[in-house]
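Asker: Pasting in a structure now, in structure tokens, and then I'll have a few things to ask.
Here, each number is a calculation from the coordinates, and none is a lab measurement. Being a predicted model, the structure only gives us computed values, none of them experimental. Because the Cβ atoms are built from the backbone with ideal geometry, glycine has one as well, and the counts that use them run over all protein chains shown.
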Amino acid sequence: MTINLDRDGDVAIVTINRPDRLNTLDLPTLNELARAWTQIRDDDELRAVVLTGAGDRAFCAGADLRDFLPRPHPLRDLWNPGVELRPDRGLDLWKPVIAAVNGYCLGGGLTLMLAADLRIASDTARFATPEIRHGILASCGGTQRLARQIPHALAMELLLTGDQIDAETALRWGLVNRVVPLAEVVPAALEFAHKIAANAPMAVQATKELAVRSADLSIDAGLRLEDAMVRLLQDSKDFAAGVEAFAQRQQAVFHGE
């Protein structure tokens with residue numbers, strides 16, 4: 001198995017387990033990863049996810065170039081994204097994902113991190129889109145997500161030079177939320193995940209969905225969707241539990257209902 005799926009209470013821990021290859025992605029690994037996202041999506045007891053890489057050298061150093069680039073997919077697959085070699089395939093679940101970046105985060109690994117909602121980086125982490133140096137480009141969302149998540153000039157510096165940046169630079173540019181010592185990166189991500197998991201799960205998932213889906217909408221359309229979602233949540237048992245706990249000055253316990 002090249003993908004480990006563990007659980008810490010209501011938090012899933014997904015680990016890319018190819019440390020001898022810097023947790024690079026080949027086709028079997030991507031297929032296992034997609035299956036893990038499906039399991040997490042369908043398990044109502046799991047409320048958040050931590051994604052990391054095995055060992056202390058790499059989160060994910062991207063695609064295994066010896067496996068990918070020499071063998072392009074058939075042209076017909078261009079119209080079927082479900083079979084593409086995309087590291088974010090299946091990651092469109094609405095449960096929050098926290099990336100624990102414990103080393104090299106390169107190419108497809110960076111793309112994978114960009115698809116996560118929060119990012120904790122070790123002080124040893126390094127980030128880059130080196131594809132341009134190998135006659136290819138930062139695909140699988142690299143040119144799309146990066147330019148939407150950080151200022152244009154900074155995104156273009158990464159995309160066009162292939163240069164690496166360190167964790168402090170990534171923090172300054174807004175690529176990551178926190179930088180911590182290597183030994184603390186997974187515990188810090190788990191702390192974030194459990195804090196989120198303690199909130200009302202339907203409200204958490206609705207919040208993520210609204211934030212993602214509204215990115216390309218007008219503010220009026222986004223507000224309309226937000227109003228509709230609030231109205232739906234007002235009929236939930238979790239909302240009633242939250243109101244009651246607030247009135248009693250107690251910690252609410254949510255069941256996702």
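Asker: Using the Cα centre as the reference, give the magnitude of the dipole from point charges on the C-beta atoms of the chain (Lys, Arg: +1; Asp, Glu: -1; all else neutral), rounded to the nearest 20 debye.
Answerer: Working: 27 positive and 35 negative charges, 86 e Å.
Magnitude of the dipole: close to 420 debye.
Asker: Additional query: Does region 171-257 classify as rounded, prolate or oblate by the C-alpha gyration tensor (a ≥ b ≥ c root eigenvalues; a/c under 1.5 gives rounded; else a/b over b/c gives prolate, otherwise oblate)? Intermediate results must be reported in sequence, preceding the final value.
Answerer: Numbers: a/c = 2.98, a/b = 1.21, b/c = 2.46.
Judged from the Cα gyration tensor, region 171-257 comes out oblate (a/c at least 1.5, b/c at or above a/b).
Asker: Let me ask something else about it. Given a 10 angstrom Cα cut-off, can you work out which residue in 105, 60, 140 is the most mobile in a GNM of the chain?
Answerer: 140
Asker: Given contacts defined as C-alpha pairs under 8 Å and at least six residues apart, what's the relative contact order of the chain, whole-number percent? Mind dumping the intermediate values first?
Answerer: Values: 468 pairs, mean separation 42.0, N = 257.
Relative contact order here is 16 percent.
Asker: Search the structure for amide H atoms under 5 Å from the amide H of residue 3, placed 1.01 Å from N in the peptide plane, and list their residues when 5 or more places away or on another chain.
Answerer: 17
Asker: Enumerate the lysines that residue 195 could reach by cross-link, defined here as Cα to Cα under 19 Å, with residues fewer than 8 away along the same chain left out.
Answerer: 95, 208
Asker: From the C-alpha coordinates alone, can you work out the Kirkwood hydrodynamic radius of the chain, in Å? All intermediate terms of the calculation are to be shown ahead of the outcome.
Answerer: Values: mean 1/r = 0.0520 Å⁻¹.
Evaluated over the chain, this radius sits at 19.2 Å.
Asker: If you restrict to DSSP beta bridges whose two residues both lie in region 3-197, what percentage is antiparallel, to the nearest 5? Intermediate results must be reported in sequence, preceding the final value.
Answerer: Details: 8 of 31 bridges.
The answer is about 25 percent antiparallel.
Asker: For region 148-257, what's the relative contact order in percent, using C-alpha pairs closer than 8 Å and at least 6 residues apart?
Answerer: Values: 57 pairs, mean separation 22.5, N = 110.
Relative contact order here is 20 percent.
Asker: Take the chain, connect every pair of alpha-carbon atoms lying under 10 Å apart with a spring to form a Gaussian network, then pick out the residue of 245, 100, 121 with the largest mean-square fluctuation.
Answerer: 245
Asker: Tell me, 173, 37 in order of fewest to most beta-carbon neighbours within 10 Å? List each step's numbers first, then the result.
Answerer: Details: 173 17, 37 23.
Listing 173, 37 from fewest to most nearby Cβ atoms yields 173, 37.
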